Amino acid sequence: MSAMNDSLDETHTSGSLGEKAAIFRGARGGGNVVGPAFIPLRSPLQPPNAAVSTLFKGNRKGREVDDTQMGPVPNPFPELLPSTVSLVSECLLPWTKTSATQKKVRETADLKVICAEDRSMNFHARRVTLPAITPLCLQKRVIKVYSEDNTSRAVEVPSDITARDICQLFILKNHCIDDHSWTLFEQIPHLSIERTIEDHESVMEVQSGWGMDSQCCLYFRKNYAKYEFFKKPLDFFPEHMVSISSETNGIMNHSQLIQTFLSSSSCPEIHGYLHAKEHGRKSWKKFYFVLRRSGLYFSNKGTSKEPRHLQFIAEFSDSDVYTLLSAKKVYGGPTDYGFCVKASKSNSARDLKLLCADDEQTRTCWVTAMRLFKYGMQLYQNFIQPYQKQKSSPMRSISENSLVAMDFSGHKGRVIENPSEALSVAVEEGLSWRRKSCHRLSSHGSPSASQSSMSNIAIHLAQPWFHSKLSRDEAQKLISQQGLIDGVFLVRDSQSNPRTFVLSLCHTQKIKHFQIVPVEENSELFYSLDDGHTRFTDLLQLVEFYQLNRGVLPCKLKHHCARITL
């Protein structure tokens, strides 16, 4: 057994322990290291706060705090583990910070009034009126939000507004369909990183960590994968990367897997190999990483998880996980599947904990697990909140409820009471409208191939899923930004053949491209994905068919990529 461990050690952890100690070491002041770079996990029963507090003390530049002067802090969540109390209190109680700030403002105002009365030398003769203090929740701020086409819009919002509130605001202003996928993103261009701002997060708190001369910005776009792991967790967490406690008897199904992340009694663990960036160097090295509730660790002894072999990297109470927009180009990563852990109040590249996965599924697993470990049950509340609102207040209006299907083909109009008959009439009306639109373009009553093509272009050009002049790389980037889940698609012009189109579709977190070939028969133009076996009069008909039928595609078309102009 020892020989096997030694072989794994030689394979994956080449180099001496001194070389490995350079990983994630932040040197300041000409190479002088402030504080320990690694905090070993000394024992399985050791609370993670001990390691974290040692790391923070090293960054205080000699200032010590006497913990004995502070009283014991009561645990507001006794059913949770001690290591998760700080995480849950940060995410579940965002309003506590606002209340504390308001109290501090009031105390400061009272102090100024007392000082003014003391200077007047006539304490009882003067009447001092307290100035009116506007609550922080009523103060207004102006924020600027960008869309994917780089258009922007500035809006005035309350200072306590959340990311979900801003998304709802832009959905109403731009008349978008609220399919619960619109998301606010934080992008830091000079670091080439971005992250999803969770729906419950305060936008002003996010902006408070940017700095005065920062080029950070907010983006409003779709993200279909934001909560997809609640619906299909096994697709996001491969079995070989997840270890669960013995309480679940090793059984992993959809519901139990998510419960292990949301429950405080279970201890899920994510493990696997990642590439790590050395500070001050261009080289990357591969290590075995372990993600627990207490934080992120890497092993300096192959795949060993013993406490003496695990080195502490980061915890998430005051940090966020970001994806690298261009890992290879900007950071010289071995792959483009990079992500990093960044402290909330730091915008320096030297403070980033840079990591790189071998494929998209591995990166998605790590990033999703870090989000769950930080926010836990709050993410699930964000996920179910829109559906709870729909149950309490249905979206259908009075005018929609009063609509009935009518048949005007005869001398008198009649109400169609049979639902199947109403559906068939609607389909027939749609086909009839298309045939009439084609014939209007022809002065002789029968459209030519070129005229039919013009009508088809007019039909699909106005569809939100069609992106005319979009390259292959731009299509892959757009689909990746809006969520790598099954069924995300768009249709674009072919760059190699001007007469054809391309269907770009995501399946199993990979983007595939299918050519839509035009087929001409009897002076009429059709479109097909299977060499003419299945033909469609226009692209709209083709997309509607594959939204209902998989056909030759690996999956149905479910979510279209859409760009809006703010």
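Just so it is clear, none of the values below were taken in a lab; they were calculated from the coordinates. Given the structure is predicted, the values throughout are model-derived calculations rather than measurements. Neighbour counts are summed over all protein chains in view; Cβ atoms, including those assigned to glycine, are modelled from backbone coordinates with ideal geometry.
Some notes on this structure:
- By average C-beta atoms within 10 angstrom, highest first, the peptides 206-217, 377-388: 377-388, 206-217
- Across Lys231/Lys328; Lys512/Lys556; Lys144/Lys328; Lys286/Lys353, pairs whose alpha-carbon gap is larger than 20 Å: Lys231/Lys328; Lys144/Lys328
- Anisotropy class of segment 182-222 from Cα gyration tensor, a/c 1.5 cut: oblate
- Per-peptide packing, taken as the mean over residues of other Cβ atoms within 10 Å, places 516-523, 361-368, 183-190 in the sequence 361-368, 183-190, 516-523 from highest down.
- Amide H within-cut-off set for Leu557, under 5 Å, with H built and near neighbours excluded: Gln547
- Karplus-derived HN-Hα couplings along segment 359-376 (A = 6.51, B = -1.76, C = 1.60, θ = phi - 60°), whole Hz, x at Gly and Pro: 8, 5, 5, 5, 4, 4, 4, 5, 5, 5, 5, 5, 4, 5, 5, 7, 9, x
- Per-peptide packing, taken as the mean over residues of other Cβ atoms within 10 Å, places 171-180, 326-335 in the sequence 326-335, 171-180 from highest down.
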